[in-house]
Structures are given as structure tokens and as C-alpha cells.
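The values are calculated or read from the model by the stated rules, or taken from the named source; none is laboratory data. It should be emphasised that the depicted structure is a prediction, and the values quoted were computed from it without experimental measurement. For neighbour counting, all protein chains shown are included, and Cβ atoms are generated from backbone atoms with ideal geometry for every residue, glycine included. For the accessible areas, the whole protein counts, side chains as well, though only heavy atoms, and no ligand, DNA or RNA atoms are used. Shrake-Rupley method; radii C 1.70, N 1.55, O 1.52, S 1.80 Å.
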Amino acid sequence: MSKTIPIWSCVLNRSIVNHFNKMSAGISSLENKVACDWDCSLHLPLWVSRTERASIEDRLEGWTHQLEASGADIESLAVSLKKPLRPLWVSQSTVIWLNEVPEHDSWDFTPVILVNASSSIANVQRRTTSEHSWNYIAGAGDDEESWARALTPGLFWKHAYDLVNAGPDVCNQKVAEIIERDRVRRAQRGQNAPQISIKPARILETTSDLSNTSAPLYPDSEGMMHVNNDSSVSWISDTNLAVCAAEYATMADVECILNCGVESISNCQRIYIHLPITNSKMDRFSFLNNLPCALQFAKSNLNKGRRLLICCNDGEDISVCVCLAILISLFDDRGFFDDGDFFLNFNLTKLELRKRLVVVCKYVLNARPSRGNLRQVFMHLTSGKAAQQSQNLDDSLPPHSCMHSNPTVAVT
């Protein structure tokens with residue numbers, strides 16, 4: 001909240017102004033005045049030092065160019081955003097006189113209000129009550145996947161009093177019970193949900209120069225298959241690839257499933273493989289070790305025209321990265337499956353990988369790929385053996401090391 005979001009706000013504002021300037025020949029004098037008055041300055045909180053501010057400002061122009069080269073659709077953002085972005089900070093120490101807050105329409109910027117529940121302290125504090133004592137670390141709520149035990153904010157607030165009253169001794173047990181009840185309820189509700197499969201238009205005409213395309217950064221609702229309103233199977237255009245969370249995998253209209261989640265899918269009546277890939281924070285090489293087998297399975301089935309679903313625990317990280325690796329290694333730059341021919345002569349750079357990731361994120365709206373997994377995708381695809389592997393994936397592993405003749409059996 002102190003630096004990342006302010007930097008993004010500033011970079012987006014600069015990209016919008018650059019877009020206005022490129023289009024200046026065909027816009028009205030009023031729109032031209034808006035472009036001239038658009039605030040592109042960096043707004044940081046007071047506690048960021050001058051030295052750090054100067055260091056950030058020196059890099060803003062480079063970050064702006066990187067964003068524009070990544071293929072992000074600045075035009076749609078420029079059309080929808082009427083005023084420049086500007087962050088505001090609210091914490092426990094903030095004093096707000098409600099009767100003196102102006103209407104937001106009167107502001108000359110679009111506020112990005114950053115609310116922080118943590119106390120404004122720099123170091124660890126020891127705190128005590130009549131019953132408990134603990135170390136208070138501001139910002140320790142980050143990376144909730146490492147401590148929340150799959151508890152979501154919605155489930156927490158629904159059972160907040162039960163969890164607090166349970167006390168620390170049985171808190172974890174209480175969380176496990178809540179998670180299991182919710183899992184059963186969602187599974188039962190999912191079985192009765194209607195299935196609607198809609199595929200959008202073909203992937204971008206080219207990813208070699210995404211900065212010049214006018215396709216939206218995020219697709220409309222036709223790019224998704226909605227299930228129960230709060231979950232979905234995301235189709236990557238008409239590539240025959242789809243991504244979702246493992247709990248919805250059996251509801252997708254596909255012939256084969258690549259499950260990267262921790263738990264196997266029982267009674268799966270599809271061509272199926274289970275590659276339990278753990279988070280890069282837990283196992284640095286789990287993704288890298290399983291990726292060749294995932295690519296082999298994908299190539300074998302895509303060659304036969306089958307629709308392939310890639311799923312993981314949440315459908316946001318590992319499955320997205322596996323899908324990205326498949327798109328880069330087995331599809332050309334127009335989104336057509338070519339059995340890896342294009343990749344053989346393709347010089348994959350970090351910029352090109354970033355462009356392909358932008359394309360994936362256009363269709364998988366909840367994508368949150370981790371930096372560690374993206375790094376492993378890049379490492380594998382740029383290693384000397386990756387090109388050879390894409391040419392003949394079927395021979396790169398011993399027979400039946402990944403796939404089983406019985407499509408309902410998961411081989412781990």
C-alpha cells in the first residue's frame with residue numbers, strides 16, 4: 001500500500017496520457033485539455049523517504065514502457081477512466097470528519113482508498129490482554145495461503161464469533177470443521193448447477209506486437225463458463241484449453257483433465273492424469289519436475305483434437321502457469337495448435353512470456369500466478385532441452401510414466 005499501488009497508479013496514469021498523445025490528432029479540444037491536465041505525478045505517503053521516492057521516480061518511465069509493450073489494452077482503460085488515479089491512505093490513526101468529506105464527484109482524481117487495519121508501528125510489539133499475549137507484527141496478514149488454512153474472509157466473518165470464542169487451543173480444529181462443512185455444501189450445490197459452455201472469439205491475431213492491438217485486457221462475460229455465479233471454468237479462446245479450480249473440474253465439457261491439485265479427483269470419467277504440484281514456497285522444484293509430464297499429456301491429447309482442462313486447488317496459480325507453458329510450447333503466436341513447430345524457432349524472452357501471460361489473463365479473470373512458478377516456466381522453456389522436448393515430447397519420458405490406460409485412474 002505504501003509503494004506498489006502508488007507506483008501502479010502513476011504508471012497507469014502515464015500510459016493513459018501517452019495514449020491520449022498518440023490519438024491527439026483525432027480528438028476534440030476538450031479531450032485534449034483533459035489529457036494535458038491529467039495528473040501523472042507520483043503520490044506516496046509521507047513516511048516514504050525522499051531517497052526512496054527519487055529512486056522510484058527514476059524508474060517510472062521504464063515501467064511505463066514495459067506496461068505498454070506487454071499488450072495491456074490502455075485504450076479501454078483510457079475510455080472508462082474519467083479522472084487520473086490517486087491513492088489515499090486510511091489507518092487506525094486517521095482522523096476523518098465525516099461532515100467535511102467532499103462528494104467524490106467534486107474531486108479532480110479517481111480515489112484509490114487504501115484501508116489498513118494494522119496499527120501504524122514500525123517494529124514488532126508485545127501485546128497482552130487479561131487472557132492472552134502475542135507479538136503484533138504489522139502486515140503479517142500478507143500471504144494468507146501460508147497461515148489461513150483455506151479459511152476465506154467470507155467464511156471467517158460468517159463464523160467469527162465461534163472462532164474467537166473457541167480460543168487458541170481449538171481454533172485450528174474449528175477452522176478445519178468449518179472448511180469441511182463448506183466444502184461438502186459447495187460440492188452438493190455444484191452437482192445440481194447447470195452447465196453452460198461458451199467460447200469467445202479466437203485469441204489475439206498476434207502476440208508479437210500486442211501493444212498495437214485494440215482487444216480488451218479483460219474479456220466480457222462470454223469468455224467464461226459460469227457455474228453457481230461464484231465459480232467458473234475459463235476457456236482460453238477456442239484453443240481447446242480451459243482452466244478452473246479442481247472442485248469444478250468434473251462439471252466442464254471436456255474429454256481430458258490435467259489435475260495439478262494436491263488431492264485426486266475421484267470417479268473421474270475422463271482421460272485423466274494427476275500431477276500433485278505444490279506451491280513454490282513449499283517445494284521450489286515441484287512445478288519444474290512435473291511440467292514435462294504435463295506438456296506430454298497436453299500434446300498427446302491436443303493432437304487428437306480433445307478439449308483439455310487444467311485445474312489446481314484454486315484455479316489461480318499453478319493451473320494458470322501450466323496453461324501458459326502449454327500455450328507457449330505447443331501453439332503459435334496466433335493461438336493455433338501447431339504441435340510445437342513455432343516454438344522450435346522461437347526465442348522466448350521475459351517480455352514475450354509476459355505478453356502471453358497477458359493473453360491468458362484476458363480469459364482467466366481470477367488468475368494470480370506466483371512469481372516463483374512463472375520463473376520455473378521460463379527456466380524450463382528456455383533450457384536447452386525444452387526445444388528438443390517440444391519436438392518429440394512422446395519420447396522424452398518412459399512409456400506410461402504419466403498416462404494410464406484406464407482414463408478413470410489417476411497415476412501420481
So which residues in region 103-129 are modelled with pLDDT under 85, surrounded by 10 or more Cβ atoms within 10 Å (Cβ to Cβ) and within 19 Å of Leu44 (Cα to Cα)?
Asn116, Ser118, Ser119, Ser120, Ile121
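Which of the residues that make up region 271-309 are farther than 22 Å from Asp339 by Cβ and touching a strand residue (DSSP E or B) at 6+ places or on another chain (Cβ under 9 Å)?
Across region 271-309, the qualifying residues are Tyr272, His274, Pro276, Ile277.
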Is it the case, given these coordinates, that Leu393 is at pLDDT below 85 and either open to solvent by less than 30 Å² (accessible area, probe 1.4 Å) or in the same structural domain as Ser280 (by the TED database) (or both)?
yes
Within region 237-255, considering residues that are under 11 Å from Leu308 (Cβ atoms) and not acidic (Asp, Glu), the one surrounded by the fewest Cβ atoms within 10 Å (Cβ to Cβ)
Asn240
Only listed residue being at pLDDT below 90 and either in the same structural domain as Lys83 (by the TED database) or not in a helix (DSSP H, G or I) (or both), chosen from Glu61, Glu52, Glu31
Glu31
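Within the group Leu302, Leu258, Leu309, Leu330, which residue is open to solvent by less than 40 Å² (accessible area, probe 1.4 Å), in contact with a Phe, Trp or Tyr (Cβ under 8 Å, 6 or more places away or on another chain) and within 15 Å of Glu247 (Cα to Cα)? Step through it out loud before you land on a result.
Values: Leu302 fails: within 15 Å of Glu247 (Cα to Cα); Leu309 fails: in contact with a Phe, Trp or Tyr (Cβ under 8 Å, 6 or more places away or on another chain); Leu330 fails: within 15 Å of Glu247 (Cα to Cα).
Only one candidate passes the filter, namely Leu258.
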Picked from region 159-177 (must be assigned to a helix (DSSP H, G or I) and in contact (Cβ under 8 Å) with a residue 12 or more places away in the chain), the residue farthest from the chain's Cα centre (by Cα) is Asp162
